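Input: a single structure, listed below in structure tokens.
Bear in mind that the values in this text are calculations on the coordinates, not laboratory data. None of these values were measured; they are calculated from a predicted model. Methodologically, a virtual Cβ is constructed for each residue, glycine included, from the backbone with ideal geometry; neighbour enumeration extends over all protein chains shown.
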Amino acid sequence: MGLSEAYVRAVERAGGLPVLIPLGLSEASLRSLYARLDGLLFSGGGDVSPDAFDGGSHEKVFGVDPDRDRVEMTLIHWAVGDDKPFLGVCRGVQVMNVALGGSLFLDISQISGAGMHTFYPGYRRDHLAHPVAVEEESLLARSVGAPIVKVNSLHHQAIKEPAPDLRVVARAPDGVIEAAELPGHAFALGVQWHPECLPRSPAARQLFRTFVKSTILE
């Protein structure tokens, strides 16, 4: 498994120094590495195991990696407990929701009335597929600087039941949840789209800048 260079570049452009966390570490080694980090970015990728939220099964579930689930959920719990900033992207918001007690739709087809959220034939990853409406007075609103943001859309799963402590702060026109955050935390936000693929978008650039800034101790 690899990490798209787009994430590295997005963090670097925002003034951060990217450090990649390998899988397969013992909990002690993971904790030692975690202690040296100012913030965490949970990237996109394969699906969270449905076993983590009693989600059942679906033919379109793919790319499940139990060790990745273990590592990321452990890091999320630590970050919540330590008030350490973290940002989730696509799978990142999904694993954030599951780690904190929420559930997922295993495929967009399970959502009545949902539009297309992935597989746009002939379009690149920076195709602006639809707008999202951002809740006022939210961390996301402060981070993107706009009440409506046009986003790309590259996901086949989505949040079903939000975790009890999370606040849903953005939705697509069809009602699909597009962002959630943890109120009262230094910076705990997940978005369903891929801002790392939108380097020309002011909102995407501002999102990464705000995240990186939150990791800097005053």
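A few remarks follow.
- Among 7-20, 130-143, sorting by the average number of other beta carbon atoms lying within 10 angstrom of each residue, highest first, gives 130-143, 7-20.
- For a straight C-alpha distance cut-off of 30 angstrom, the lysines reachable from LYS213 (same-chain residues fewer than eight places away being disregarded) are LYS84, LYS150.
- Using the rule -39500 (n - 2.57) for each DSSP H run of four or more residues, divided by the residues of the chain, the 222 nm mean residue ellipticity is -8500 deg cm²/dmol.
- The mean sequence distance of close C-alpha pairs (under 8 Å, at least 6 residues apart), as a share of the length of the chain, puts its relative contact order at 24 percent.
- Residue order, fewest to most surrounding Cβ atoms within 10 angstrom, among MET73, MET116: MET116, MET73
- Estimated distance in nm for a label pair at LYS150 and ILE21, the labels positioned 7 Å out from Cα along Cα-to-Cβ: 3.5 nm
- Farthest toward positive dipole pole in segment 5-214 [+1 Lys/Arg, -1 Asp/Glu at C-beta], among LEU25, SER43, ALA204: ALA204
- Each DSSP beta bridge with both residues in the chain is either parallel or antiparallel, and the antiparallel ones are about 70%.
- Centre separation in Å (Cα based) which lies between segment 145-192 and segment 84-140: 6 Å
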